[in-house]
Amino acid sequence: MDKEDLPRERLVRLGAEALSNAELVAILLSTGDREENVLDKSRSLLKERGLVGLLRSEVEELKQVSGLGVAKVTRIKAAVELAARGLADDEWPAREPFRSAEQVFERYRGLLGDLVHEEVWVLVLDQQHCLIREERLYKGMVHGASVRVAELLRPVIIHQGPAMIVVHNHPSGSPVPSRADREMTADLQAASSTMGIELLDHVIVTRSDHASMARLGLLNDEAPESRDVGEPDRPGYRA
């Protein structure tokens, strides 16, 4: 190929949006192997796994692909993670208070919606319900028995947050809470209430939908419509 037609040169000249998926992946791979040049390698990889499949693949899965060493695999995974974090940061300003389950969903579906494994995140919130810190505490097959309430409360206690939200995903695509989800939420509410920490919600997200434990009435005895939206100086949370 002429030098000006190489993916990196085309990106500099035309911008990333002008490149095909194969060309963008080729830039991450940097080099090909004995059988294929880097662009052909990228096309083969996309044909085999598809773009979404490539993004969802774990490190060990990608290492099984011929010609993909640790350096190439880690570059791909780092690029995917940065993109997901950047999407979340752009969609939700750090000092914007959480006021609803929809806002939680919009922030975290980019991080969790396309995963093929479950993850449980804890959001530590200040008095205004703004984010102090977010932590991923569980990754993999999440069962009710494996989620310890003490671990969910730990970052909230360490960072002295008066409120919290739990977020986790359902790879199945259905946001309907399981029995284990409900039991874990009940246990967490009891423990957080004892410690003076307000559990605002437990939100289950998928790629296109979500469910709110607060909206389902599993966090208090009040109907969702009657929940206080807060004083002007302390924004409330409406499921």
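So residue 3 ticks every box in (1) modelled with pLDDT of 80 or more; (2) open to solvent by 60 Å² or more (accessible area, probe 1.4 Å) but one. Which box is left unticked?
All conditions are met except number (1).
Could you list, in sequence order, all residues of region 19-64 that are among the aliphatic types (A, V, I, L, M) and open to solvent by 20 Å² or more (accessible area, probe 1.4 Å)?
24, 27, 28, 38, 46, 51, 52, 55, 59
Is one or more of the residues making up region 216-232 modelled with pLDDT of 90 or more, of a type in the set (A, V, I, L, M) and surrounded by 15 or more Cβ atoms within 10 Å (Cβ to Cβ)?
Yes: region 216-232 contains one or more residues that are modelled with pLDDT of 90 or more, of a type in the set (A, V, I, L, M) and surrounded by 15 or more Cβ atoms within 10 Å (Cβ to Cβ).
Conditions tested, residue by residue: (1) surrounded by 15 or more Cβ atoms within 10 Å (Cβ to Cβ); (2) at pLDDT 95 or above; (3) under 20 Å from residue 105 (Cα atoms).
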{"site": "128", "(1), (2), (3)": "yes, no, yes"}
{"site": "147", "(1), (2), (3)": "yes, no, no"}
{"site": "158", "(1), (2), (3)": "no, no, no"}
{"site": "183", "(1), (2), (3)": "no, no, no"}
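State whether the residues of region 74-82 include one that is in a helix (DSSP H, G or I), at pLDDT below 80 and open to solvent by 70 Å² or more (accessible area, probe 1.4 Å).
Yes: one or more hits.
Find all pairs meeting these conditions: Cβ atoms under 6 angstrom apart; at least six residues apart or on different chains; first residue within region 158-181 and over 21 Å from residue 218 (Cα atoms); second residue polar (S, T, N, Q).
From region 158-181, the pairs are 173/206.
What number of residues within region 196-213 are closer than 18 Å to residue 129 by Cβ and open to solvent by 50 Å² or more (accessible area, probe 1.4 Å)?
2
Counting only residues that are farther than 20 Å from residue 99 by Cβ, give me the strands (runs of 3 or more DSSP E) lying completely in region 130-211 with at least 3 of them.
Qualifying strands (runs of 3 or more DSSP E): 131-140.
The values are calculated or read from the model by the stated rules, or taken from the named source; none is laboratory data. Worth saying up front: this structure is predicted, and the values here are computed from it rather than measured. Note: ideal-geometry Cβ built from the backbone for every residue, glycine included; neighbour counts use all protein chains shown. Protein only, heavy atoms only, side chains kept; ligands, DNA and RNA dropped before computing areas. Shrake-Rupley method; radii C 1.70, N 1.55, O 1.52, S 1.80 Å.
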